[in-house]
Amino acid sequence: MSSPEAFQIAQVPLTAHSFSPDRSAIALGINTNEAQIYTKQGYEWQQVHTLAQHDKLVTSIDWAPTTDRIVTCAQDRNAYVWTKEPDPTSTSQYKWKPTLVVLKINRAATQ
């Protein structure tokens, strides 16, 4: 078993987090209405994307291990599935496209 690693990523409370399937990236809810994606570069974590679609505090994030999609839930009672797509303006970059999830429940999904 490898020894645990500790990193200082944000100076604010985290409301949610989820690692990518290969653990080279992490999606963080940083006590705002945005989720931020960081990738590990050497011994440091660098912010590479911001997922900004919610109106209120992001409360839950999950990163699917097989499809490489991210789902976020927030206090605005919405859930979004984020799909990675190639960026047409750059050949080596990608962007995250949100899709609003229609929930067939009579209560809000915040987790």
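The values are calculated or read from the model by the stated rules, or taken from the named source; none is laboratory data. What you see is a predicted model, and the numbers here were worked out from it, not measured in a lab. Heads up, the Cβs are rebuilt from the backbone with ideal geometry, glycines too, and the neighbour counts pull from every protein chain shown. Accessible surface areas use protein heavy atoms only, side chains included; no ligands, DNA or RNA. Shrake-Rupley method; radii C 1.70, N 1.55, O 1.52, S 1.80 Å.
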query = If you check residue 60 against the conditions, is it in contact (Cβ under 8 Å) with a residue 12 or more places away in the chain, touching a Cys at 6+ places or on another chain (Cβ under 6 Å), surrounded by 13 or more Cβ atoms within 10 Å (Cβ to Cβ) and assigned to a strand (DSSP E or B)?
reply = yes
remark   = Reported set for the stretch 1-42 where residues are touching a residue at least 24 places away in the same chain (Cβ under 8 Å) and open to solvent by 30 Å² or more (accessible area, probe 1.4 Å) is 7, 9, 15, 17, 19, 21, 31, 32, 33, 34
ask   = Got a number for residues in the stretch 65-84 being open to solvent by less than 30 Å² (accessible area, probe 1.4 Å) and within 13 Å of residue 20 (Cβ to Cβ)?
value = 2
